[in-house]
Amino acid sequence: MMSDTDSRPVGRQGRANSAHVPYYKRDVADRVLDFDEAVLGYDAESAIAEASRCVQCPEPQCCVLNCPANNNIPEAIWLISQGQFIEAAQVFAATNPLSEICGRVCPNLCQQGCVLTQRCGAAAIGKLEAFVSDVARQAGAFKIEVPAEKTGKRVAVVGSGPAGITVTEDLIKLGHTVDVYEAWPEAGGVLIYGIPSFKLEKHVVQNKIGDLEEAGVTFITNTRIGEDITVDDLISEYDAVFLGTGAGVEATMDIPGNDLQGIYTATDFLVRANVPQPMLPADKQTKPVVGKKVAIIGGGDTAVDCARSSIRLDAEEVTIVYRRTEAEMPGNPVERKIAQEEWVNIEYLQAPVEFIGDEHGHLKAMKVVKMALGEPDRSGRRRPVPMEGSEFIMEVDTAVMAVGYWPDPALGEKTPNLATHKWGLLLADETVGATSREGVFAAGDNVHGPDLVITAVASAHKAAASIQNYLTGAMASWPSPN
C-alpha cells in the first residue's frame, strides 16, 4: 500500500501501469464465525491510491456505458483521487439512490469496460463507491431534499426493494406523497430478506429507509397486495400505482424425495439463517438446522449465498452442485471466489435426480447424474445433457434448492386486465414502465425477471419519470405495453 499520496504515478501512462491496490477483507478464519460483512473495503489512503490509477478516458467512457444507471464514474473517481470523498458520493447518488448498497453487492458491470483490465486490473469502482458512500453517511450528507409544498398527488408503491425505493425517492423529490406497501415485516424487500448480512449488513438498508421516512414517506409493512389489499383498491385511492414486487417465487425440481426433512428452499434458508429474529414473520423465527454435509443445488449468486451461510451455521462440508461448467455459471465470479476461500466446494456438470432418506424420513444422500454440454438453448448457454450410466450416490444430510426465481403470479391473476406473460412476469413497456392498466406502472424483476440491483434502479428511474408525466398530464395517451 502506498503511504504517501505524492508518490502516486503521474501522467496517464504512469497511472495505467500502476498496480491495483487491494481492498481489505476479514481473515477467513474470523469471518466464517459470524454474519458480519466479510469485505471491509478501502480506507482513505488506499482509496485515493486506487482512484489515482484511473486514466480518465475520453468520452464515451466504457465504465459509464456499462453502468445501467449511467453513473458519472470518471468524475466520482477523480474526486476520490483528490480526497473529496463526500463530493464523490454525491456524484454516485445523483443517479443511483442505492449507492451504499450497489457498492457492496453489484458485480461491477462498470469495471468490465475499464481499459486498465488488461494491464494491472480494472479500477475497483464498486468498492470505491462503497467507501465514499460510508463516509458521506457518517457525515450526514445523504439527507433527501423535498419541496416545501406538496403537489397534492398521491402514489402507492408496492414493494420496498431496489425498484420501489428508487421510484419512491424520485417522486418525493418532485413533491408527491408516496406510501410504500411491503409484504415482509420490515421495509427493504430483497435487500433485507434476500441478501445475506455478510455481503450487506441490515443497517445499511435501514439507513436508506430512514432517509425516506424522514423525507415523509410512509411504509406499510406486513401487507401483501393482492391478498390484504387489491391493486384495484389502490387505484381507487391513489393517483398512480407502481408495482415493484420483484421475483420471489422459487423454482423447484420435481424429483423423488424432495419432501424429505433436511431439504430447504433457498429463500426460507437464507431468511431464517441471516435475518434477526425480530424482523422475521412468526413462521420463520427458528434457525435452519444443517448437518455435517450440505449440498447447494444451483449456480447463481443465491446458491453461493446459501453455501456461505451453511459454513457459518457450522456445516463441515459444503458443496455447490451445478449442472453446467463455470463458464456458464450466472453468478458473480468474485463472490464465487470468496466462497471458495471459505472452503466451499463446487462440483460442475452434475445434477441430482433423486433424494434418498433414512428410516426417519430425513435426507441422507442424493443420487447424482453427470452431465455433458450439448447445443445451446434459448438462453444461449449450452444445454446440459445427462450422461447415461453415470449416476452415483453423494452422501449429504442437508440440501438447499437454489435453482431460480419467478414473480408471484397471484398479482396478475387477482388483478383484472393486468396483463402477464412467462410464468407471471408483468407485461410492461420497459421504456416507460406502463402496464396494461392505466395509471399502473411496473419495473424491476417482476417485469424482466431476476437481475441485478442496479438494473432495477435503472428501469425504476424510467418508470418514475413516466409517473411524473402521467401525474402532470404530460403523457398524451396511455402507451400499450410491449
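Amide H to amide H, with H built 1.01 Å from N, Thr245 comes under 5 Å of Asn446, counting only residues 5 or more places away or on other chains.
A simple spin-label model places the labels of Arg224 and Glu201 3.2 nm from each other, with each point 7 Å out along Cα-to-Cβ. Residues Cys120, Cys102, ranked from the fewest to the most other C-beta atoms within 10 Å, line up as Cys120, Cys102. Computed across region 5-138, the Kirkwood hydrodynamic radius from all distinct Cα-Cα pairs reaches 14.9 Å.
The radius of gyration of the Cα set in region 252-403, together with its Dmax, comes out at 15.4, 49 angstrom.
Residue by residue, region 420-436 carries 3J(HN,Hα) couplings of 10, 7, 6, 6, x, 4, 6, 7, 9, 6, 6, 7, 10, x, 7, 8, 6 Hz when phi is fed to the Karplus relation 6.51 cos²θ - 1.76 cosθ + 1.60 (θ = phi - 60°); x denotes Gly or Pro. Residue exposure proxy: Ile393, Ile48, ordered by other Cβ atoms within 10 angstrom of their Cβ from fewest to most, comes out as Ile393, Ile48.
Using alpha carbon coordinates only, what is the Rg to Rh ratio of region 282-353, with Rh defined as the Kirkwood radius? Display every interim value, and only then the final one.
Values: Rg = 12.4 Å, Rh = 12.5 Å.
Using only Cα positions, Rg/Rh for region 282-353 is 0.99.
Inter-label distance, Ala139 to Leu373: 4.7 nm, where each label sits 7 Å from its Cα along the C-beta direction.
Working from Cα pairs under 8 Å separated by at least six residues, relative contact order for region 252-403 is 31 percent.
The string of couplings for region 291-303 from the Karplus curve (6.51, -1.76, 1.60, θ = phi - 60°) is x, 7, 10, 10, 10, 10, 9, x, x, x, 4, 5, 4 Hz, one whole number per residue in order, with x for Gly and Pro.
When restricted to Cα atoms, region 336-426 yields an Rg and a Dmax of 18.5, 50 Å, respectively. The amide H of Val318, built 1.01 Å from its N in the peptide plane, has Val294, Asn345 as neighbours under 5 Å, considering only residues 5 or more places off or on other chains. Mean separation of Cα pairs under 8 Å and 6 or more residues apart, divided by the residue count, gives the chain a relative contact order of 14 percent. The phi torsions of region 398-409, fed into the Karplus equation with coefficients 6.51, -1.76 and 1.60 and a -60° offset, translate into couplings of 9, 9, 10, 8, 10, 10, x, 9, 9, x, 6, x Hz, rounded to whole numbers, with Gly and Pro shown as x.
Distance distribution note for the chain: the fraction of Cα pairs above 31 angstrom is 48%.
The residues His20, His360, when put in order of fewest to most other Cβ atoms within 10 Å, stand as His360, His20.
With Cα atoms defining each centre, region 81-136 and region 255-302 are spaced 32 Å apart in the structure.
Give the Kirkwood hydrodynamic radius (Å, one decimal) of region 370-482, defined as one over the mean of 1/r across all pairs of different Cα atoms. Could you put the intermediate results ahead of the total?
Working: mean 1/r = 0.0585 Å⁻¹.
Across region 370-482, the inverse of the average 1/r is 17.1 Å.
Under a 5 Å amide H cut-off, with hydrogens placed 1.01 Å from N, Ile356 pairs with Lys364, Ala365, Met366, Lys367 among residues at least 5 apart or on other chains.
Rule-based calculations on the coordinates, nothing more; no lab input. Everything quoted here is computed from the prediction, not taken from an experiment. With ideal geometry, Cβ positions are generated from the backbone for all residues, glycine too; neighbour counts draw on all protein chains shown.
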